[in-house]
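*Asks:* Just passing along the structure, written as structure tokens.
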Amino acid sequence: MSKFTHHLFVCCNQRDPTHPRGCCNQDGSDELRNRFKAEIVRRGLKPLVRANQAGCLDQCEFGPTVVIYPQEIWYGNVQLEDVPRIVEETVIQGKILDDLLIDEKLLNTKGGRQLPDNG
């Protein structure tokens, strides 16, 4: 089998609704991941494109979060209605969706705050 052209990891982590960092899979349904899987099948992209459940991706403030490898594209606040567009424009056409993209400077900063530049 060939390696994946795109491997989507969809955060399916659950937290108490009152947690200050938020939660990517509030109702525990994995509906976002399931929608990606269905869209990939519908477009005939299997087996080269795959969507998997991920535990916490530690980008909670931007959730629901999806990361696409090997391209290293981090999308935040992904909603069910974004799925067809992500598959069409990012996976198929190779375009970055600026309205969903998590700025690289904000990744792993807890709370979405930019880290100070010590350089």
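Read the figures in this text as sums done on the coordinates, not as results from a lab. The model shown is predicted, which means the values in this text are computed figures rather than measured ones. Please note: Cβ atoms are built from the backbone with ideal geometry, for glycine as well, and neighbour counts cover all protein chains shown.
*Asks:* Which stretch or stretches of the stretch 55-76 have amide N atoms under 19 Å from the point lying 7 Å from Asn34's Cα along the Cα→Cβ direction?
*Replies:* Zone members listed by number: 55, 64-66.
*Asks:* Also, quick follow-up: So for the chain, if I pair up every lysine 8 or more residues apart or on another chain, how many of those pairs have alpha-carbons under 23 Å apart?
*Replies:* Numbers: Lys3/Lys37; Lys3/Lys46; Lys3/Lys95; Lys37/Lys46; Lys37/Lys95; Lys46/Lys95; Lys95/Lys105.
Lysine pairs meeting the criterion: 7.
*Asks:* What does the charge count around Leu45 come to, taking other residues whose C-beta lies under 11 Å from its C-beta (Lys +1, Arg +1, Asp -1, Glu -1)? Please list the in-between numbers first.
*Replies:* Values: positive: Lys37, Arg42, Arg43, Lys46, Arg50; negative: Glu39, Glu88.
For residues surrounding Leu45, the net value is +3.
*Asks:* Go ahead and estimate [θ] at 222 nm for the chain from helices alone: -39,500 (n - 2.57) per DSSP H run with n ≥ 4, summed, over the residue count, rounded to 500. Walk me through the intermediate numbers first.
*Replies:* Numbers: 1 runs with 12 residues, N = 119.
Result for the chain, helices only: -3000 deg cm²/dmol.
*Asks:* Next question, about the same structure. Enter the angle in degrees (range 0 to 90, nearest 10) between the Cα long axis of helix 31-42 and the first principal axis of the Cα atoms of the chain, meaning the one along which they spread out most.
*Replies:* Tilt of helix 31-42: around 30 degrees.
*Asks:* Another question, if that's okay. Give the residues of the stretch 38-63 whose amide nitrogen is closer than 13 Å to a point set 7 Å from the Cα of Ile96 in the direction of its Cβ.
*Replies:* Under cut-off, by backbone N: nothing.
*Asks:* Tell me, in nm to one decimal, what length is gained between Asp27 and Arg85 on full extension, where the rule is 0.36 nm per residue of separation less the Cα-Cα distance?
*Replies:* Values: separation 58, 0.36 × 58 = 20.88 nm, distance 2.33 nm.
Taking 0.36 nm per residue and subtracting the Cα distance, the gain is 18.6 nm.
*Asks:* What base-10 log of the normalised intensity I(q)/I(0) is obtained for the chain from the Debye formula, alpha carbons as equal point scatterers, at q = 0.11, 0.19, 0.22 Å⁻¹?
*Replies:* Treating every Cα as an identical point scatterer, log10 I(q)/I(0) equals -0.36, -0.99, -1.26.
*Asks:* At Arg43 and His19, where each label point lies 7 Å from the Cα along Cα→Cβ, what is the point-to-point distance in nanometres?
*Replies:* Going from the Arg43 label point to the His19 one covers 2.9 nm.
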